[in-house]
Amino acid sequence: MGLILKTNTMKSFIMKNISHIVLVAVAMLAYGCESSELEMALPKQKTNSITIGLPQTKTSLGASENGVRGILWSSGDCIAVNGERSSEAVIDANNSAAATFDFDSELIYPLNILYPAPFYKDASTITLPAIQEAAVASFATNTLPMATCVTSVGDDVKLGHLAGVIHLQLRAEKGAKPTRNNEVRKIEFTGNDGEQVSGDFIIDYNTVTLAPTSVAKADKTVATRVIGTLTIDAVTDIFVVVPAREYKNGFTVRIINSTGNYMDKKKSSGVTIANGEILKMPEMEFIPTGTMINVEL
């Protein structure tokens with residue numbers, strides 16, 4: 001289920017040594033089994049600008065409305081088109097819901113578009129980071145990958161999600177005193193069948209899919225660094241972005257505190273995390289069951 005908004009064709013214009021493509025759209029993430037996508041219409045010219053319109057101006061989660069949460073742009077965002085990195089997003093002074101991305105050279109079709117730009121490695125490869133930085137009530141900027149391919153001038157385009165999001169709801173243990181034991185510092189996600197979740201992936205821009213390339217142990221875990229203290233009275237929301245795919249034997253989430261104590265929560269049955277899906281896990285108390293030695297936080 002996605003919210004779709006098409007643009008009107010814009011009059012062409014030329015700026016010396018600068019290429020643009022104009023896109024206007026709304027992206028949504030949905031709870032449960034709903035997925036989302038971003039649909040755009042391109043103007044019919046080669047030299048143009050990319051403007052992606054969203055309800056607000058940051059790439060984070062908006063408020064939940066009927067189980068659907070918006071993806072919002074940030075003025076610091078960059079995209080990559082055919083490997084060329086755009087300038088940082090510029091918010092339209094007359095329309096704060098739109099961000100424009102400029103390029104220093106003319107873009108040649110077909111256009112392979114990737115967000116965020118830092119994930120681009122080469123024409124067929126992107127790199128998903130092993131470490132994400134947590135944000136308040138959201139995943140961090142530059143963690144949720146989206147991509148598409150525009151084959152010819154004037155084509156309608158769907159910018160699709162390449163990942164899903166695990167939503168954790170944590171509380172301190174009932175009766176626990178405010179101690180360092182409640183200071184969460186890292187959340188680790190691991191597929192129980194050893195699936196690759198970070199590192200280099202082969203990307204298909206036409207089908208908006210990823211294929212794993214690594215069996216290295218380091219690429220089988222993705223972690224979110226957290227600076228937060230759990231309380232008994234309020235839930236702390238933490239979001240971890242993971243590749244969209246089937247996890248045949250489920251997955252394990254490890255919650256680690258500032259002293260190296262941890263708690264594992266495991267989903268043992270197979271689960272498919274769909275593109276653009278938020279998988280909301282039940283509320284849980286942090287009750288450490290083990291200790292890690294020389295843990296790097």
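Here are the numbers for the structure shown:
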item: Subset tally (residues that are over 19 Å from T125 (Cα atoms), touching a Phe, Trp or Tyr at 6+ places or on another chain (Cβ under 7 Å) and crowded, with 18+ Cβ neighbours inside 10 Å) for segment 148-166; result: 2
item: Single condition V136 does not satisfy, out of (1) within 23 Å of I273 (Cα to Cα); (2) touching a residue at least 24 places away in the same chain (Cβ under 8 Å); result: (2)
item: Filter result (closer than 16 Å to E188 by Cα, hydroxyl-bearing (S, T, Y) and part of a strand (DSSP E or B)) within segment 238-287; result: Y247, T252, Y262
item: Among (1) buried (at least 20 other Cβ atoms within 10 Å of the Cβ); (2) more than 20 Å from the chain's Cα centre (by Cα); (3) under 25 Å from S87 (Cα atoms), the one test that P145 misses; result: (2)
item: Close pairs from segment 203-224: first acidic (D, E), partner in a strand (DSSP E or B), Cβ under 9 Å, at least 6 apart; result: D204/A147; D204/C149; D204/L210; D204/A211; D219/L128; D219/G199; D219/D200; D219/P212
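Per-residue answers, yes or no, for (1) closer than 25 Å to A137 by Cα; (2) touching a Leu at 6+ places or on another chain (Cβ under 6 Å); (3) exposed (fewer than 14 other Cβ atoms within 10 Å of the Cβ):
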position: V226; (1), (2), (3): yes, no, no
position: K248; (1), (2), (3): no, no, no
position: S258; (1), (2), (3): yes, no, no
position: G270; (1), (2), (3): no, no, yes
position: K280; (1), (2), (3): yes, no, no
position: E283; (1), (2), (3): yes, no, yes
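A short reminder: the numbers here are calculations on the coordinates, not readings from a lab. Note that this is a predicted model, so its numbers are computed, not measured. Neighbour counts are summed over all protein chains in view; Cβ atoms, including those assigned to glycine, are modelled from backbone coordinates with ideal geometry.
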